[in-house]
1. For the range 185-234, how many residues meet the condition of being closer than 20 Å to Phe140 by Cβ and assigned to a helix (DSSP H, G or I)?
2. Is at least one residue of the range 88-96 surrounded by fewer than 18 Cβ atoms within 10 Å (Cβ to Cβ), more than 30 Å from Glu272 (Cβ to Cβ) and within 34 Å of the chain's Cα centre (by Cα)?
3. Please go through the range 64-80 and pick out each residue that is of a type in the set (Lys, Arg) and modelled with pLDDT of 90 or more.
4. How many residues does the range 82-119 hold that are more than 17 Å from Leu183 (Cβ to Cβ) and not in a loop (DSSP other than H, G, I, E, B)?
5. Is the range 120-138 home to any residue that is assigned to a loop (DSSP other than H, G, I, E, B) and hydrophobic (A, V, I, L, M, F, W, C)?
6. State whether the residues of the range 35-53 include one that is within 30 Å of Thr271 (Cα to Cα), outside any loop (DSSP other than H, G, I, E, B) and out of contact with any Cys (no Cβ under 8 Å at 6 or more places or on another chain).
7. From Ala29, Ala4, which residue is under 35 Å from the mean Cα position of the chain (by Cα), in a helix (DSSP H, G or I), of a type outside the set (Phe, Trp, Tyr) and at pLDDT 90 or above?
Amino acid sequence: MLQAFLDYMRYERNASEKTIDAYKRDLEAFESFFKGLESDLKWETIDTDVARQWVVDMMERGHKASSVQRRVAALRSCYKFLLRRGLISRDPVHLLQTPKKERVLPSFVRESEMDRLLDNDEEWGSGFEGCRDKLIIAMFYTTGIRLSELIGLDMGDVSLQALTIKVTGKGSKQRIVPFGDELLYLINIYIREREEICGADESAFFIGRKGGRMRTWQVRNMVRKHLSTVTTLHKRSPHVLRHSFATSMLNHNADLESVKELLGHERLSTTEIYTHTTFEELRKVYREAHPRA
């Protein structure tokens, strides 16, 4: 039974050997489990109760919900194949429920740490690269835009009069994001330095020191380097600054719907994860501050 499914994945679905090996490990784990229950159990005689016991056993052994979901997904694929080929008469895992995947709270840089970074003139130095890098980090932190959105900015997307940025997000959807006087000040300094390198011919807003649009890896490396001076977070990426923007907004009483629009989220449920982040931060402050907490 198991070998027939693996052959199907290899020769008919053209799955990679890595994928096939993953299926094989997961399905062999299930086979080992049900053989341990009753030695005469077979793939074709398994019922939903046996599959459910496997899920419970994995959870009790400390497997993550994501790992359990992956293994059950492999089992579902296998049984769908066996049913289509007439090798079994019913699918025992069709209605099997799996635990919900754990929701990992986003990492963020504290406001005091961002203040320390952006207010430290010695961190940036003088010249084109210093003012550009400071502007990039400030823009991530004060607008919440994504890395791809920042890289894709053109000169015409930044309005110094309206104090807005036209951002092209996922699915080529555009949105307008406002910014304040502090970012305007940094933008004006950067534009003056930028003109000495490329003049008005280059359309890209953020450019390298030799001209041309900045690359993703350049921005990632730069952000990681500067965040490393103020935080010990394992993740020190542009996306962490996006998380930091959202968390700071909610900490200062911004409404969830407004933060959703600024971030360019499709669903409010995506933005709601930050309410969990701010509550956990509040809980931590409470525990550290209250004598009887």
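The values are calculated or read from the model by the stated rules, or taken from the named source; none is laboratory data. What you are looking at is a predicted structure, and each value in this text was computed from that prediction instead of being measured. Note that we place each Cβ from the backbone using ideal geometry, even for glycine, and neighbour counts take in every protein chain shown.
1. Of the residues in that region, 21 qualify.
2. Yes, there is a match, as at least one residue in the range 88-96 is surrounded by fewer than 18 Cβ atoms within 10 Å (Cβ to Cβ), more than 30 Å from Glu272 (Cβ to Cβ) and within 34 Å of the chain's Cα centre (by Cα).
3. First, pick out the residues of the range 64-80 that are of a type in the set (Lys, Arg): 64, 70-71, 76, 80.
Those that are of a type in the set (Lys, Arg) and modelled with pLDDT of 90 or more: Arg70, Arg71, Arg76, Lys80.
4. Summing the residues that are more than 17 Å from Leu183 (Cβ to Cβ) and not in a loop (DSSP other than H, G, I, E, B) in the range 82-119 gives 6.
5. Within the range 120-138, the first condition is being assigned to a loop (DSSP other than H, G, I, E, B), and the residues that meet it are 120, 125-127.
If we keep only those that are hydrophobic (A, V, I, L, M, F, W, C) too, we end up with none.
Within the range 120-138, not a single residue is assigned to a loop (DSSP other than H, G, I, E, B) and hydrophobic (A, V, I, L, M, F, W, C).
6. Taking the range 35-53 first, the residues within 30 Å of Thr271 (Cα to Cα) are none.
Looking for residues that are within 30 Å of Thr271 (Cα to Cα), outside any loop (DSSP other than H, G, I, E, B) and out of contact with any Cys (no Cβ under 8 Å at 6 or more places or on another chain), one finds none in the range 35-53, hence no.
7. Working: Ala4 fails: under 35 Å from the mean Cα position of the chain (by Cα).
Unique residue meeting the criteria: Ala29.
Table: residues versus (1) at positive phi; (2) surrounded by 20 or more Cβ atoms within 10 Å (Cβ to Cβ).
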{"residue": "Asp115", "(1), (2)": "no, no"}
{"residue": "Gly130", "(1), (2)": "no, no"}
{"residue": "Ala138", "(1), (2)": "no, yes"}
{"residue": "Ile151", "(1), (2)": "no, no"}
{"residue": "Gln174", "(1), (2)": "no, no"}
{"residue": "Leu183", "(1), (2)": "no, no"}
{"residue": "Glu196", "(1), (2)": "no, no"}
{"residue": "Ile207", "(1), (2)": "no, no"}
{"residue": "Gly211", "(1), (2)": "yes, no"}
